[in-house]
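The structure appears below as structure tokens.
The values are calculated or read from the model by the stated rules, or taken from the named source; none is laboratory data. Quantities reported herein were computed from a predicted structural model and do not represent experimental measurements. Because the Cβ atoms are built from the backbone with ideal geometry, glycine has one as well, and the counts that use them run over all protein chains shown. All accessible areas refer to the heavy atoms of the entire protein, side chains included, with ligands and DNA or RNA removed. Shrake-Rupley method; radii C 1.70, N 1.55, O 1.52, S 1.80 Å.
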Amino acid sequence: MKEWTHIFKLDPAKEISDEALEAVCESGTDAIIVGGTDDVTLDGVLDLLSRIRRYTVPCILEISNIESVTPGFDYYFIPMVMNSQDKKWMMDVQHEAIKAYKPLMEWEEILMEGYCVLNEEAKVFQHTNCRLPDEDDVLAYAYMAERMFKLPIFYMEYSGTYGDPALVERVSYELDETLLVYGGGIETAEQAREMKAFADVIVVGNSLYTNFKEAIKTVAAIKG
Ligand code: 1GP
């Protein structure tokens with residue numbers, strides 16, 4: 001996982017054809033995340049899981065609600081939303097998950113993500129009642145993720161809009177051990193390269209549903 005640089009994120013609430021899914025799984029991306037905010041159901045998650053499993057690409061469930069958790073993924077990412085104003089999204093939903101699933105949890109498959117949501121228009125921003133952080137806030141969250149919480153991942157989440165590469169660069173200087181993941185608005189090879197210059201891993205999601213051909217090219221753009 002330390003060597004991963006590119007991940008596609010598929011939304012279980014959206015349709016993708018078998019042909020497109022094959023192209024995604026065979027694209028050379030390092031992994032596929034199954035995750036979304038609205039209308040994530042167990043049926044939707046299981047459908048994508050079984051279809052992705054026809055291919056060898058590693059498959060990750062990014063947990064958005066307890067009801068849609070299922071065995072069978074290679075990894076489970078559990079977000080902690082650092083800039084949420086509600087303790088719920090940093091502590092309480094995870095607490096509930098432990099109470100429900102502790103005997104089933106295999107910690108070598110589970111990675112906690114320090115999420116910092118940076119797009120006010122994103123569904124996840126509203127859903128988790130975030131406050132928009134300024135630059136100093138973001139740098140401090142990154143520092144806390146690594147030093148205070150020892151999180152393996154710090155995720156700069158611009159979901160739906162292309163972020164600020166200068167801020168991603170500054171955040172990269174705060175992190176030594178924790179992986180810096182960037183996601184949001186990557187639609188072109190050029191944008192993929194620009195963010196990959198500073199982030200360890202880039203995540204490409206929505207453009208698979210809006211401009212498939214360009215989205216697929218983001219893999220080769222950073223892997224050469
Ligand atoms: C969403 O960070 C991912 O959780 C990717 O964002 O959908 O905007 O590509 P996009």
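K102 contributes about 140 Å² of solvent-accessible surface, heavy atoms of the protein only, 1.4 Å probe. Candidate cross-link partners of K87 among the aspartates and glutamates, defined by an alpha-carbon separation under 18 Å and a same-chain spacing of 8 or more, comprise E96, E113, D137. Applying both filters, DSSP loop and at most 11 other Cβ atoms within 10 Å, to the GluC sites (Glu not before Pro) of the stretch 59-146 gives E106, E120, E121. Roughly what % of Cα-Cα distances in the stretch 110-224 sit above 16 Å, to the whole percent? So the portion of pairs separated by more than 16 Å is 58 percent.
Close amide-amide hydrogen proximity is noted between C130 and Q85, each under 5 Å apart and 5 or more residues distant or on a separate chain (H modeled in the peptide plane; Pro and chain starts excluded). Beta bridges per DSSP, both residues in the chain: antiparallel share near 5 percent.
Solvent-accessible surface of the chain, averaged per residue with a 1.4 angstrom probe and all protein chains in place: 48 square angstrom. Panel note: the C-alpha atoms of the stretch 6-223, placed on their principal axes, show extents of 44, 43, 30 Å (largest first). Each Lys or Arg adds one and each Asp or Glu takes one away; over the other residues whose Cβ falls under 12 Å from the Cβ of V181, this sums to -3. Taking every C-alpha pair closer than 8 Å and separated by at least 6 residues, the mean separation divided by the residue count of the chain gives a relative contact order of 18 percent.
Pairs with C-alpha atoms separated by more than 28 Å, drawn from the list K88/K223; K9/K88; K102/K223; K2/K217; K123/K217, are K88/K223; K102/K223. Listed peptides 154-160, 189-195 appear in the order 154-160, 189-195 once ranked by packing, highest mean of other Cβ atoms within 10 Å at the front.
Rounded to the nearest 5, the antiparallel percentage of DSSP beta bridges internal to the stretch 55-158 is 5%. Hey, what's the Kirkwood Rh for the stretch 1-67 if you take every pair of different alpha carbons, in angstrom? Here the Kirkwood hydrodynamic radius works out to 12.2 Å.
With the helix formula -39500 (n - 2.57) applied to DSSP H stretches of n ≥ 4, the chain reaches a computed 222 nm mean residue ellipticity of -9500 deg cm²/dmol.
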